[in-house]
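Since every read-out is calculated from the coordinates, none of them should be taken as a lab result. These numbers come from a predicted model, not from an experiment. Neighbour counts run over all protein chains shown; Cβ positions are idealised from the backbone, glycine included.
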Amino acid sequence: MGDLSIQVGQNNLIGNNASYNGENGLIFYDSSGNTINGNIASNNLGIGGGICFYNSSGNYVASNNATNNSYGGVHFYQSNYNSLIENNIAS
C-alpha cells in the first residue's frame, strides 16, 4: 500500500507530503467527491505512481506535484468524471 490510502470517502486532502514510499503516494479506492489539492506525491515506486484512483469518480485534483515516480504521476483505473487541473505531473 502507499503512504496514504482512502477508501469509500468524501474527503479533502490538502497539503500533504506522500513521497519516497516503496509503493504509491496517495491511493483512493471506491471514493468520490474528494478534493485533492496542494499535495506532494513524488519519488514513489508503486505501479500506481504518485496519485492513484481505483473505481473512484467525481474527484477534483488540482495544484498537486506528482513527479519522479517510477510509473508516472497520476493514474485513473475504472474512474470517470474526475477533474485534473493545473498539476505538475512528470515521470
Within the bounds of the range 20-37, is there any residue that is surrounded by fewer than 21 Cβ atoms within 10 Å (Cβ to Cβ), in contact (Cβ under 8 Å) with a residue 12 or more places away in the chain, not in a loop (DSSP other than H, G, I, E, B) and not hydroxyl-bearing (Ser, Thr, Tyr)? yes
If we keep only residues of the range 72-89 that are among the small types (Gly, Ala, Ser) and farther than 12 Å from Phe28 by Cα, then the residue surrounded by the most Cβ atoms within 10 Å (Cβ to Cβ) is Gly73
